[in-house]
1. Is one or more of the residues making up region 104-111 in contact with a helix residue (DSSP H, G or I) (Cβ under 7 Å, 6 or more places away or on another chain), closer than 30 Å to H179 by Cα and in contact (Cβ under 8 Å) with a residue 24 or more places away in the chain?
2. Among (1) assigned to a loop (DSSP other than H, G, I, E, B); (2) under 19 Å from L78 (Cα atoms); (3) open to solvent by 80 Å² or more (accessible area, probe 1.4 Å); (4) in contact (Cβ under 8 Å) with a residue 12 or more places away in the chain, there is one condition K140 misses while meeting the rest; what is its number?
3. When you check N99 against the structure, is it part of a loop (DSSP other than H, G, I, E, B) and at pLDDT 85 or above, yes or no?
4. Looking at region 164-171, can you tell me whether even one residue there is under 25 Å from S80 (Cα atoms) and either hydrophobic (A, V, I, L, M, F, W, C) or modelled with pLDDT under 90 (or both)?
5. If you take the residues of region 144-199 that are buried (at least 18 other Cβ atoms within 10 Å of the Cβ) and among the small types (G, A, S), which of them is farthest from R97 (Cα to Cα)?
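The values are calculated or read from the model by the stated rules, or taken from the named source; none is laboratory data. Here the structure is a predicted model, which means the values were calculated and not measured. All Cβ positions, even for glycine, are placed from backbone atoms using ideal geometry, and neighbour counts span all protein chains on display. These area figures cover heavy atoms from the full protein model, side chains too; ligands, DNA and RNA do not enter into them. Shrake-Rupley method; radii C 1.70, N 1.55, O 1.52, S 1.80 Å.
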Amino acid sequence: MAAPIQGISKILCRISTPVLRSIVIHKPCSQRLVTLWARSGPKVELLGRRTFCTALPVKDDSPNEALVRYKDNPWDYLESEEYIERYGKGHVWADYRRNHKGGIPPQKTRKTCIRGDKICGNPCPICRDNNVIIHHQNVKLLQQFINPYTGKVYDPTRTGVCMKQQKVLNQAVNMARDHGLLPFQIPHVEFLAEDFSNSHDAVGSTPTPACLTSGEPWYTWYDKMVPDEKEVAKVKKIYKAYLK
């Protein structure tokens, strides 16, 4: 009898151990215990009270003061002391170098620097600074990305701007030009009177059409058309009852 009882007790100990552990884990944080089960039997050694959860960090609902200060007037940031200390008198993208493998840089920049809540390790010059806001009225910032000689927007491979911000930048530049905030060059074309006159050689050697000299119309249906008498007689015969 002693042997079967010992076997049953061992089985119960093996089954009860994971069950009791799951009960301890699912207790509230203030009542969770760290327990140690000995292999020899269902002996519980209480090591101390310890919580398995940590308090959530308190979220600060107040946004960044600098972001609020330059959100309505983003052009003020370019004249502030913060901008001068960080960039000096140079452009925003002047000191930017993108990380890439090998000695040859990629032909295109990344699609975007921010995906959801994740930011890449080396964001582009616009994404890395929250105070740099693209706006069609922020003319000084837009001029940093425009070639002063050609008037074209710099390629993103030179400035390092991601494709998402480059699209926003092109839209802002076009809107600024439409509003008259940015100048743009229109190619000058001289219209010569010779191109629109009939006195040059190509027109002078062309003979005048016969219809213009004889007084006949250019198209036959423009002149007075006389109907055929036979066709008129057929129509009258068909509609004889209605012509009375």
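1. So far as region 104-111 goes, yes, one or more of its residues are in contact with a helix residue (DSSP H, G or I) (Cβ under 7 Å, 6 or more places away or on another chain), closer than 30 Å to H179 by Cα and in contact (Cβ under 8 Å) with a residue 24 or more places away in the chain.
2. Here K140 clears every test but (1).
3. Judged against the criteria, N99 is not a match.
4. yes
5. Here the answer is A176.
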